[in-house]
Amino acid sequence: MLKYSLYPLKIADENDAYYAKPQNVMVFKEEDLFKLLVKPGGVTETQLVAVLSARNNLIQQLLEEGHTVQDKFVRYSIQIKGKFNGVTDQFDRRRHKIVPHVSLARNNNFEFDKLRTHKVALKNKSPHISQVFDFKTKSKNQMISCDGVVRIRGHHLRFDPKDNNQGIWITDDKRNSVKVELVIENTPSEILFYSPINLPDLPLRILIVGQNGEREHTHNGMSQFYLEKAP
């Protein structure tokens, strides 16, 4: 069943215009598919990995030769972009580019129009910190170093770096705060950043202010985590 929620359509002239977006969406990588496919008494994960690896290598080889590959759902092909100056011109990487092209497979028999749908209320997607790891001290959920790499793991962590009201702050109980300026990775489940050179006094807490809900929502969600300052 396809669960969906409604969001305001701001570019529309009508005040009551909304668009639908699927909910509970997860990204399943190949290793996740392996775990779902493995059943007691059936094929092993090692066997699945070997078959899928051979399949992927074959698809890559066929694409490199310029062929089109189509499976049940999608169609893979290679395109060459750029202008050629006359019939004698040849491929030049400074002017031309090889790009992959993926489209819905022809004669796809997946009946999208027959999917059952269910409307659900929009969930609160405020950020939640579950782990803070300081690479300099190798400590987890204990302390943070000055001018070191720190990893935060959790849920709904990603923030909009263009919004000055969102981001990562390190504060103390006296309301002194320093905003993290150098972010290496900014994803929903993990954030990597360089901690500031000058940290506030103890007790410290990491504060993440991100988007509560989807990008169309203007109010912010917040999560905090208390730590000590590394010596």
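The table that follows gives values for the structure above.
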quantity: Surrounding net charge for V38, when Lys and Arg each add one and Asp and Glu each subtract one, Cβ distance under 12 Å; calculated: -1
quantity: Cα-based shape type of the stretch 82-190, given that a ≥ b ≥ c are square roots of the gyration tensor eigenvalues and the cut on a/c is 1.5; calculated: oblate
quantity: Reported label for calculated Kirkwood radius over Cα pairs in Å given [x] 22.6; [y] 17.6; [z] 19.0; calculated: [x]
quantity: Cross-link partners of K136 among aspartates and glutamates (Cα-Cα below 15 Å; sequence separation of 8 or more within a chain); calculated: D147, E228
quantity: DSSP-defined antiparallel bridges as percent of all bridges, the chain, nearest 5; calculated: 90 percent
quantity: Heavy-atom SASA rank of L202, L48 (probe 1.4 Å, accessible area, largest first); calculated: L202, L48
quantity: Of all accessible heavy-atom area on the chain, the percent that carbon and sulfur account for (1.4 Å); calculated: 52 percent
quantity: Using a Förster distance of 25 Å, the FRET efficiency for L62-K114 (Cβ separation, nearest 0.05); calculated: 0.20
quantity: Extended-chain gain in nm, criterion 0.36 nm per residue less alpha-carbon gap, D173 and V149; calculated: 6.3 nm
quantity: Peptides ranked, highest mean first, by Cβ atoms within 10 Å: ranges 109-116, 95-102, 127-134; calculated: 127-134, 95-102, 109-116
quantity: Per residue accessible area in Å² of the stretch 56-165, where ligands, DNA and RNA are left out and the probe is 1.4 Å; calculated: 75 Å²
quantity: GNM top mover of I152, I208, I80 - the chain, alpha-carbon springs below 10 Å; calculated: I80
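The values are calculated or read from the model by the stated rules, or taken from the named source; none is laboratory data. This is a predicted model, so every value here is computed, not measured. Cβ: placed from backbone, ideal geometry, glycine included. Neighbour counts: every protein chain shown. To get the accessible areas, we keep the full protein, side chains included, count just its heavy atoms, and leave off ligands, DNA and RNA. Shrake-Rupley method; radii C 1.70, N 1.55, O 1.52, S 1.80 Å.
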